[in-house]
1. Using only the Cα atoms of segment 71-175, build the gyration tensor, take square roots of its eigenvalues as a ≥ b ≥ c, and label the shape rounded, prolate or oblate: rounded if a/c is under 1.5, else prolate if a/b is larger than b/c, else oblate.
2. Rounded to the nearest 10 Å², what accessible area does Tyr223 show when all protein chains are kept and the probe is 1.4 Å?
3. In nanometres, what is the gap between the two model label sites at Arg253 and Phe266, each 7 Å from Cα along Cα-to-Cβ?
4. Identify all lysines with a Cα-Cα distance to Lys150 below 28 Å; exclude those on the same chain that are fewer than 8 residues away in sequence.
5. Figure the gain on full extension for Ala80 and Ala157 (residue separation times 0.36 nm, minus the Cα-Cα span) and round it to one decimal in nm.
6. Would you tell me the accessible area of Val237, worked out with a 1.4 angstrom probe on the heavy atoms of the protein chains, in Å² to the nearest 10?
7. Ignoring ligands, DNA and RNA, how do Glu95, Glu240 rank by accessible area with a 1.4 Å probe, largest first?
8. What does the accessible area of Arg85 come to, in Å² to the nearest 10, when a probe of 1.4 Å is used?
Amino acid sequence: MLVERVPGLVLVALVSLAAQGVGGCRPEAAPRPAQQAEPPQTPSTNEEPELAVAIDAWVEEAKRAAIGGFALSWMRLDAALQRQRKEQEQMALLEVEVKNVLGYAVAASDIHLRPLGKPKGVQVVAARVTTHAAQVVGVLVNENFLPLSKAAPAVLAHWGWASADASGRERMAMEYVTRVYLDAEGGIQSQSHPIFGKKGHPAFSAPEAVSRQDGGVDVRLWYREAEGGRDSNVTLVHGEWSFAADGASGAQRTLSSFATGRRDFFQTMPEDRITP
C-alpha cells in the first residue's frame, strides 16, 4: 500500500520544494521589460493651415512691396527723363532767342540760366560772348523768354510791383538792377575805395533807390565792368536806371566812369571790401 502511495508523495514533495526553493534559495524574479519612450507629439492638424496662411500672406505682401518699389522707381525715372527732355527743348528755343537778340548764334553750352530765388519763376539768361565776358540777353518769366529791353515790367509785376508801397518799389528796382541788369558785370561797388576822389577821379556815392512823385523809381550806383583778363584795367561806372510807375524800364545812362590798374585797385582796397 505504501509503495502505491510513493509517486503521489514524491509529487507533493517536489511541489513543496519548488514553492519554498531548493537549498533555501528562492528563484530569481524575471526582469521587467524596459519602459518604451513616448513618441514625439506632432502639431495638431489645426495649426498647420494657420502657418500656411501666414506664409502665403507674407509672400503676397513681399510681392506687393516689390511691385510698388519698382513702380515708384519707374515713375521717378520717367519724371527725370521728362524734365531732361523739357530742358533740352527749352535750351533749343533759347538758342533761337539768343541769336535773335545778339544777331549771331551762341552754343547751348555758352548759355547760362540763373534763378533769382523767391518768388520762383524768374531766371536770368546770359550768354558768353567772349573768353572773359558774358552778356545778359533776357529773362525767363514763368518759362516765357523776354529780351532784356522788355523784361522789366513782367519781372516787377511778378514780384508784386503794382501793390507795393514806395519802399517796396525801391527795393524791387534796386534788386532788378543789381541782379538782372548787372548780373554779368564785375560786381557792385557798395563801399568806397581809396582811388575815389584822387587823381581827378569822381567821389564815391553809396547805392541808392529814390522814389519819384509819379510813382517811379530811380536807381544809382557804382559797379565794376566785366574785366577782359587778368592784366586788364578795372573800369568803374556810376550808372542810373529809371523805372516808370507801371514798372517799365526807362532811361539808362552813365553818370561818370574811370579806369584804373587792376593791381593798384585790389592792392589798395581793404580785403573786407573786395567783392570779386
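The values are calculated or read from the model by the stated rules, or taken from the named source; none is laboratory data. The structure presented is a predicted model; accordingly, all values stated were derived computationally and were not measured. Here the Cβ positions follow ideal geometry from the backbone for every residue, glycine too, while neighbour counts run over all protein chains shown. For accessibility, only protein heavy atoms count, side chains too; no ligands or nucleic acids. Shrake-Rupley method; radii C 1.70, N 1.55, O 1.52, S 1.80 Å.
1. Working: a/c = 2.49, a/b = 1.23, b/c = 2.02.
Taking the square roots of the gyration eigenvalues as a ≥ b ≥ c, segment 71-175 is oblate.
2. Probe radius 1.4 Å; accessible area of Tyr223 about 30 Å².
3. The two pseudo-label positions are separated by 3.4 nm.
4. Lys86, Lys99, Lys118, Lys120
5. Numbers: separation 77, 0.36 × 77 = 27.72 nm, distance 3.13 nm.
Roughly 24.6 nm would be gained on extension.
6. 10
7. Values: Glu95 70, Glu240 20 Å².
Ranked from most to least accessible, the order is Glu95, Glu240.
8. Rounded to the nearest 10, that gives 120 Å².
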